[in-house]
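Taking it in order: structure first as structure tokens, then the write-up.
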Amino acid sequence: MIAAPDLQYTAACWLVDAITRGTGATRWVVSPGSRSTPLVLALHALGVPLHHVIDERAAAFFALGVARETGVPAPLLCTSGTALAHYLPAIIEASETRLPMLVVSADRPPELHGWGANQTIAQHGIFGAFVRAELDLGTPESLAQLETWGPRLSHFIEAGLVGPDVGPLHLNVPLRVPLEPSVSPDAEALQALATVRQWAERVPQVVRRAAPALPVDGVDELLRAARGCMERGGRGIITVGPLAVDSDVPGAVQRLAQATGFPVLAEAASQCRFGAQLPGVTCVAGFDALLRGPVGRAHLAPELVIQVGATPTSKSLELMAQAGQGARFVLAPFGRPDPSRNAQRVLVGNVAAALDELCGELPQPSAATPTVSDYANAWRTLDACFLELAARKLSEDDALSEGEVAVAVVASLGERDALLLGNSLAIRHVDAYATRTRAMGPVHSQRGASGIDGLLAGAAGAASTGRPVVALLGDVSFLHDLGGLGAHFPGSSVTVVVLQNGGGRIFELLPVANHPGAPMGSFTTDHRADLAAAAHVYGHAHTAVRSRADLHAALAEHMGKPGLHVIEAIVPPHDAGPRQRAIYAEVDSMLRERQGASA
């Protein structure tokens, strides 16, 4: 009879082999611990590529970055106890954005639970509703029992990787001491290892299915609305919120915009904002500023809004939706992104197919001389005026401004470089000011739960796949994920551009800043942290820049190069709020003048 430690090790070998095959994973992410010993030994014995990350929270966001870039999970492995609790923030983000993630947690065996055993907690159910499925196969009692695990494991993997509701999975693995197999396994143990290798080969790799078609009646209703809007002068817009980096929706959005003539109001995280546009397509960069005030919303009020993707970041689009301006149709690959709860229809499923279906039913524009409506021309004219105004206001002082940094980063990206945007001000500066007609890589964001955690680790994970990544984030976000600096994958290229303004300055743009006696320090969390020292702890390079020339030089020197380099862009601490208000005031004046001229 095979010895218990050897049977346990055999089971571990089967598990890691079957999971790797079934998910199509090319790398596991492992954090330190003892209880996971059989699984770690099994990974090494099978030659599975590993990446070691000390901090489990950073490890999980690293895996999230891999999944976001490739659509394939990087299984996570940790020891028992509180270790797996650190995965929760990334699991929440993966759940909200429908990204694949698989957590494998080692555990104490059943007989130790409830008796005060060391490092023993109730691990089952720890992630609540944020995982698509949980599985605990128990402790193996015989080789025959292992053979029955295959169908259960395959069903478990499919629950998180197949269908429209892709998301995290949690496999809990109870393990007994001794955790190490025999130093000299007998013939029976060696035969068992060969047998389970054959069993693992039977586990099929899951195949993602296409999203279901959007409801026919909803698509027909949208088609009628689009036709009617075009006949009445084309006062329609297409707004695009965050989309997956591998989404096929952006191309379909371009084709629909060309067919309808509707302007595209696309955020950076939509994958539609940057790059070349089809002839006749009007892509508006400054829509948030143009729609911020009542004059702009009245002047540019649409008759029809086709909202694509997740809930937009833009405050102006949120205000427009709350006001019910225009009949609004929401088309999304998952969820129900309509927080104002007043859309005419919310259609969930295969968005690209539905948009192409619409294009096929609409009059086709002339490729040589595409028609641009008066409404689209108004958007084009105002957007050009805004961009000229913004460029002037952002650079009118000697000091480097936050908006200038955002514009420079986007302009400096190589054609393969991915851009990872931090939440709070970083993503909003890019949305507000950045344009680009040259090709670039995808835009990564964490807009599922919109947290500031794990951004450095997420950038490291995305870069580990071979694509250079440039991360633009605030100083508080940087400090929140110092452990992510330790997640860098050797040889990969990560450039971290930090907007160093001495705290969370987005709170100075929020209503609380105008509240008498508001304790703003509790919101902005001003600090004197040494970012250079933080980078050097993990052996990374650091450059501080205070001028436009130094910023451009640092970007040119480090972007796309191997290693992790921190570029600390030092800007005036209280500059963003007054500068933004000044820009909005000039935009408002410009709109009022145009309104008066057309009256």
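The values are calculated or read from the model by the stated rules, or taken from the named source; none is laboratory data. These numbers come from a predicted model, not from an experiment. Neighbour counts run over all protein chains shown; Cβ positions are idealised from the backbone, glycine included. Heavy atoms of the whole protein, side chains included, go into the accessibility calculation; ligands, DNA and RNA do not. Shrake-Rupley method; radii C 1.70, N 1.55, O 1.52, S 1.80 Å.
Here are a few things to note about the model shown:
- With the helix formula -39500 (n - 2.57) applied to DSSP H stretches of n ≥ 4, the chain reaches a computed 222 nm mean residue ellipticity of -12500 deg cm²/dmol.
- Burial order of peptide ranges 135-145, 442-452, 419-429 (average beta-carbon count within 10 Å, highest first): 419-429, 442-452, 135-145
- Tail fraction, Cα-Cα pairs, the chain, threshold 43 Å, whole percent: 27 percent
- For the pair region 462-524 / region 338-366, the C-alpha centres are spaced 35 Å from each other.
- Length released on extending from GLN322 to LYS561, taking residue separation times 0.36 nm less the Cα-Cα span: 81.5 nm
- Approximate spin-label separation ALA449-ASP165, in nm, with each point projected 7 Å along Cα-to-Cβ: 1.9 nm
- Full extension of the chain between ALA3 and ALA541 gives 188.6 nm of extra length, using 0.36 nm per residue less the Cα-Cα distance.
- If R0 equals 41 Å, the separation of the Cβ atoms of SER182 and ASP526 corresponds to a calculated FRET efficiency of about 0.10.
- Cβ-Cβ FRET estimate between LEU190 and GLU111, R0 fixed at 35 Å, reported to 0.05: 0.75
- Carbon plus sulfur fraction of accessible area for the chain, probe 1.4 Å, in percent: 55 percent
- Potential lengthening of the chain between SER395 and GLN145 amounts to 83.0 nm, from the contour at 0.36 nm per residue minus the alpha-carbon distance.
- Of all DSSP bridge pairs formed entirely within the chain, close to 0 percent run antiparallel.
- Placing ILE567, ILE506 in order of accessible area, with the largest value first and a 1.4 Å probe, yields ILE506, ILE567.
- Cα centre as origin, Lys/Arg/Asp/Glu Cβ charges: region 312-367 dipole, Debye: 300 debye
- Inter-part distance where region 252-272 and region 387-422 are each reduced to a Cα centre, Å: 22 Å
- Positive minus negative residues near GLY47 (Lys, Arg vs Asp, Glu; Cβ under 14 Å): +2
- Extents of region 493-599, taken as max minus min of Cα coordinates on every principal axis and listed largest first, are 61, 38, 20 Å.
- Separation between Cα centres of region 321-336 and region 89-111, rounded to whole Å: 32 Å
- The simple spin-label model puts a point 7 Å past each Cα toward its Cβ; for ASP136 and VAL216 those points are separated by 4.7 nm.
- Which of GLY71, ALA3, LEU413, positive extreme of dipole for the chain (C-beta unit charges): LEU413
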